[in-house]
Structure formats: C-alpha cells, structure tokens
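Heads up, the thing below is written out as structure tokens.
The values are calculated or read from the model by the stated rules, or taken from the named source; none is laboratory data. Please read all numbers here as calculations on a predicted model, not as lab measurements. All Cβ positions, even for glycine, are placed from backbone atoms using ideal geometry, and neighbour counts span all protein chains on display.
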Amino acid sequence: MKRYKPTTKSRRMTSHVEYRKFVTASEPIKALTKGFRRANGRNNTGRITTRHKGGGHKRLFRDIDFTYNKVNIPFTVKTVEYDPNRSGFIGLIAFKDGERRYALLPKNAKVGDSYITAEDAPIVAGNKLPLKNITVGTFVYNVELKHGGGAKIARSGGNYVEVIAKDAGYVDLKMPSSEVRKVPENAWATIGEVSNDENRLINLGKAGRSRWLGIRPTVRGTAMNPVDHPYGGGEGRQGRGRRRAISIYGKPTGKGQKSRRAKKYSNKFIVRRRKVGKK
C-alpha cells in the first residue's frame, strides 16, 4: 500500500494499491472489450432501485471468462491488468490451442504462470476443477452455484470460500460472511483466493475519489424531513425515535435484524446463517 504525507487535507490518511508493482499492461486487448452503459442504480424504466449510485468515470467492459468451458487445455498468463469494473486483477490467458481470454487471477499470480481446467487437475492455486475433487479445508474462489452456470461466488479482491464438508451430492462452503451453504458437488471452482487482497485497505481520502468511482453521497435519515425518511423531522438533532432500525422504505435493516425473505428459494441450501449484529 502507498500512503501519502498530509500535504493537504485531502491527502491526509489517503492510501491506494501500488498498481505498478503488479500490473504489466496499461491497455486492454481490443478484441476482448466492448462499450457498455452502466445502470447507475436504475432499472429498465429509469427508476432508482439502488440509492447512492451515479456518475463516475466512463469504463470499458472487459469480457471475463467465468464459464470454465475449455477443459484439459493448459493456459499461460500473458499479462496482469487492472479492471475498473472489479476489485481483483485480471489477466490475459493464452491456451495451448491459441485462443486468448481474460480471467480473474489468483493471489500472487504473475506473467508466465501456467494453469489448467480439468477434473483431475492438481490442487494448486489457479487450477480449476469440480468441488467433489477438492479436498476439505481448501480455499477456493470463482465458485459456480450449479454446473455450467458460470462462477457466481467469491469474485472480489482478496475473497475466498472454504470447503468444509461433503455429503449426499453436495459440498458445504463457508462464505466470507460466515454463512455455511450447500453447493452441488459437480459445480466448478478455482483453487486459491482472488488477487489484490490489499484492496480492502484502501482509504479514499476525499469525497472526489468516491465520485470518480460512481458513489454518490449518503445523507443521514435523521437529517431529512418526515416526508423523505421515517427518521426525519424534529427540532434540532434528533435520534431515530423508534425501537428498531428501518430503511427509507420501512423495512428492517442493520443491528442484527433478519431481512431475508422467509420463503426464499435458496433457504434449503443454507446450513448455517451468517453471524450478524455486534461482533
């Protein structure tokens, strides 16, 4: 991590990842990129569905391979690159048959490293194989929820899940949130953890850097009027005025309150709920 001296108010406590130590290419491969319009928290009718999003720098989309559909063909890492759409590093990988793709790299991956996607691949960081062939206690990332569905779990910088048990056609995974969840044993995963684990230590330092990333300001509910938020109103600075914390929409939120739907389709796959509330 690079930390700055407090030469200005915005420099005080500012820190960021020293990308020059890891990144080997400054421009992406044109054939594997495309332009796209970011949703910025809006749905197809233009209504805000996720607050505090909007603006930010224009981005180019990199086509990342999350499908694992080239089996038994070794590949080599040609570049390590920064991707503005995700926190982990990506890399250009070249297969033995000549095809090139972008992939999410494991921790400490560097140019020249070779990996393989195969059912009987060695348990080595960067190799991809089915969960049923991965030993208990192994850290994995890029995990599928079902066979052929593409990686959905543990894809952000420094993230991983742990294989803790196998039973009746399912593998139990311990999530970063401490939740334990069942996943079919024929789903594929990558050994290791996602690169750029220092990403979580970044201190933006000033409001402007948040705006560059497309993060809009968050206003306290107690600072609003009653028409705008359940906590709004009152003379001077007031508390929330109610026993339980709720969102702007009146739904339970924070402080250990359960917000998951009682009949959510994936409840049957959850072995142990995540730990919430005060640590």
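Residue by residue, here is whether (1) hydroxyl-bearing (Ser, Thr, Tyr); (2) under 20 Å from the mean Cα position of the chain (by Cα); (3) modelled with pLDDT of 90 or more; (4) surrounded by fewer than 17 Cβ atoms within 10 Å (Cβ to Cβ) holds:
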residue	(1), (2), (3), (4)
Ile29	no, no, yes, yes
Tyr68	yes, yes, no, no
Ile73	no, no, yes, yes
Arg86	no, yes, yes, no
Lys107	no, yes, yes, no
**Prompt:** Since Tyr115 meets every condition but one in (1) modelled with pLDDT of 95 or more; (2) out of contact with any Gly (no Cβ under 6 Å at 6 or more places or on another chain), which condition does it not meet?
**Reply:** (2)
**All positions within the stretch 37-66 that are touching a residue at least 60 places away in the same chain (Cβ under 8 Å), more than 13 Å from Pro84 (Cα to Cα) and out of contact with any helix residue (DSSP H, G or I) (no Cβ under 7 Å at 6 or more places or on another chain)** = Asn40, Arg51, His52, Lys53, Gly54, Phe66
**Request:** Might you let me know whether the stretch 219-227 holds any residue that is farther than 25 Å from Tyr141 by Cβ, in contact with a Ser or Thr (Cβ under 8 Å, 6 or more places away or on another chain) and surrounded by fewer than 11 Cβ atoms within 10 Å (Cβ to Cβ)?
**Result:** no
**Prompt:** Within the stretch 109-139, which residues are more than 23 Å from the chain's Cα centre (by Cα), among the small types (Gly, Ala, Ser) and at negative phi?
**Reply:** Ser114, Ala118, Ala121
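Please work out if Thr253 is among the β-branched types (Val, Ile, Thr) and either in contact with a Lys or Arg (Cβ under 7 Å, 6 or more places away or on another chain) or surrounded by fewer than 12 Cβ atoms within 10 Å (Cβ to Cβ) (or both).
Considered against the rule, which asks whether it is among the β-branched types (Val, Ile, Thr) and either in contact with a Lys or Arg (Cβ under 7 Å, 6 or more places away or on another chain) or surrounded by fewer than 12 Cβ atoms within 10 Å (Cβ to Cβ) (or both), Thr253 comes out as no.
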**Request:** Could you tell me whether any residue of the stretch 90-103 is among the hydroxyl-bearing types (Ser, Thr, Tyr), within 18 Å of the chain's Cα centre (by Cα) and either modelled with pLDDT of 95 or more or surrounded by 14 or more Cβ atoms within 10 Å (Cβ to Cβ) (or both)?
**Result:** yes
